[in-house]
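Just so it is clear, none of the values below were taken in a lab; they were calculated from the coordinates. The model shown is predicted, which means the values in this text are computed figures rather than measured ones. Here Cβ is always computed from backbone atoms with ideal geometry, including for glycine, and neighbour counts include all displayed protein chains.
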Amino acid sequence: MKDTRSGFGAGLTELGKTNENVVALCADLTGSLKMGDFANNHPDRFFQIGIAEANMIGIAAGLTVGGKIPFTGTFANFSTARVYDQIRQSVSYSGKNVKICASHAGLTLGEDGATHQTLEDIGMMKMLPNMIVINTCDFNQTKAATIAIADYEGPVYLRFGRPKVPNFTPENQKFEIGKAIHLEEGGDVSVFATGHLVWPALEAAQSLKEEGISVEVINIHTIKPLDKDAILESVRKTKCVVTAEEHQMNGGLGDSIAQLLSRELPTALEMVAVNDSYGESGAPMKLMEKYGLTSKDIINSVKKAIDRK
């Protein structure tokens with residue numbers, strides 16, 4: 001069990017050794033974002049901006065003009081909603097090579113409550129032209145994604161979280177932006193999961209297998225650009241879909257897949273996501289249960305989707 005934010009820190013540490021153009025900026029949350037190793041080893045390439053997130057985005061955009069590859073770090077809520085104007089104008093519209101790295105996303109921020117639990121950020125960021133949107137599932141994948149986005153020329157939003165979760169993807173994987181990963185082959189239903197909901201999707205698939213239901217589980221780590229070919233290929237086989245994410249139903253992964261299927265392959269679809277609600281303060285896993293984001297909820301949605309075939 002490892003937290004995905006530590007995967008970001010490990011990836012940033014690796015980049016510090018291998019890419020001299022990588023610089024890091026933080027909004028007074030160095031410890032929470034696990035940026036300490038990079039800051040200690042490369043003090044000339046680390047900038048502590050303080051609680052001034054809009055200024056951080058502006059500085060990052062400026063650094064790209066000189067050929068630097070800036071990685072900004074703060075909570076997902078402050079990485080998006082607080083600085084949306086600066087991202088739109090100075091990064092996305094201009095196509096600047098800024099990597100916006102956002103921790104503590106979703107309900108699993110826990111006791112800090114609704115003001116910090118952003119559930120809208122994927123929707124906000126995927127709507128911006130030029131913006132890549134990535135939502136990783138475990139430590140290993142987050143580390144690999146952090147390293148990979150340094151080689152991509154253009155703005156990227158990388159989303160990860162606070163809690164310790166199972167670390168089940170390969171240690172030395174090659175991360176490919178926009179390339180979905182098949183985790184389980186199945187013929188009865190396609191489950192497309194992202195971020196912290198990938199592991200519960202695998203748990204659900206195992207439980208359903210014991211009931212004779214064959215579940216295909218696909219990790220959609222890149223929400224934009226969406227791997228349309230992988231999604232359509234799976235759905236043509238199973239003919240029903242469940243999406244699972246720690247995000248609002250509106251604007252998230254399920255929304256993107258629903259748009260794709262409505263144009264290309266109308267299909268019965270169920271969404272496991274937060275339904276038009278803010279979060280609240282509480283223990284992370286208790287919140288996931290209350291808001292319907294568990295393997296049990298995926299199982300129930302799978303059965304609904306199959307019944308609608």
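Each Cα pair under 8 Å and six or more residues apart adds its separation to the average, and for segment 2-165 the resulting relative contact order is 31 percent.
With distances taken between every two different alpha-carbon atoms, the chain has a Kirkwood hydrodynamic radius of 19.2 Å.
Excluding the site residues themselves, the longest part of the chain lacking any chymotrypsin sites (Phe, Trp or Tyr not before Pro) in a DSSP loop with at most 15 other Cβ atoms within 10 Å is 169-277. With contacts taken as Cα pairs under 8 Å and at least 6 residues apart, segment 181-307 reaches a relative contact order of 29 percent. Separation of the alpha carbons by more than 25 angstrom is noted, of K224/K303; K174/K228; K2/K174; K17/K228; K17/K68, for K224/K303; K17/K228.
Annotation: the residues R45, R162, R263, R5, sorted from fewest to most other C-beta atoms within 10 Å of their own C-beta, follow the order R263, R45, R162, R5. Karplus-derived 3J(HN,Hα) values for segment 155-165, using 6.51 cos²θ - 1.76 cosθ + 1.60 with θ = phi - 60°, are x, 9, 10, 10, 10, 8, x, 9, x, 7, 10 Hz; glycine and proline are entered as x. Applied to segment 297-309, the Karplus parametrisation 6.51 cos²θ - 1.76 cosθ + 1.60 on θ = phi - 60° returns per-residue 3J(HN,Hα) values of 5, 5, 4, 4, 5, 4, 5, 5, 5, 5, 5, 8, 4 Hz, with x for Gly and Pro. Sequence-distant contacts, meaning Cα pairs under 8 Å at least 6 residues apart, place the relative contact order of the chain at 18 percent.
Whole-Hz ³J(HN,Hα) for each residue in segment 5-14, computed from phi via Karplus 6.51 cos²θ - 1.76 cosθ + 1.60 with θ = phi - 60°, x for glycine and proline: what do you get? Per residue, the Karplus-derived 3J(HN,Hα) values read 4, 5, x, 4, x, 5, x, 5, 4, 4 Hz. Per q in 0.24, 0.30 Å⁻¹, report the Debye log10 I(q)/I(0) for segment 207-265, using one uniform scatterer on each alpha carbon and no solvent. At q = 0.24, 0.30 Å⁻¹ the computed log10 ratios are -1.08, -1.42.
Taking the charge dipole of the chain about its Cα centre, with +1 at Lys and Arg Cβ atoms and -1 at Asp and Glu Cβ atoms, the residue from F78, T64, S6 reaching farthest to the positive side is T64.
The amide H of E246, built 1.01 Å from its N in the peptide plane, has H196, L197 as neighbours under 5 Å, considering only residues 5 or more places off or on other chains. Spin-label model, E233/L260: points 7 Å from Cα along the beta carbon direction are separated by 1.2 nm.
Using a simple spin-label model with pseudo-atoms 7 Å out from Cα toward Cβ, D85 and M285 lie 4.3 nm apart. Taking segment 181-307 on its own, what percent of its Cα-Cα pair distances exceed 18 Å? More than 18 Å apart: 46 percent of the Cα pairs in segment 181-307. Amide H to amide H distances under 5 Å link V191 with E216, V217, I218, V242, where only residues 5 or more positions off or on other chains count and H is placed in the peptide plane. Note on the chain: with charges restricted to the Cβ of Lys and Arg (+1) and Asp and Glu (-1), its dipole about the Cα centre is near 340 debye. How are the C-alpha pair distances of segment 2-165 spread across 5 Å bins, as whole percents from the shortest bin up? All Cα pairs, binned at 5 Å, distribute as 2, 10, 21, 25, 23, 14, 4, 1, 0 percent. Taking every Cα-Cα distance in segment 1-47 and sorting them into 10 Å bins from zero, the calculated P(r) comes out as 30, 58, 12, 1 percent.
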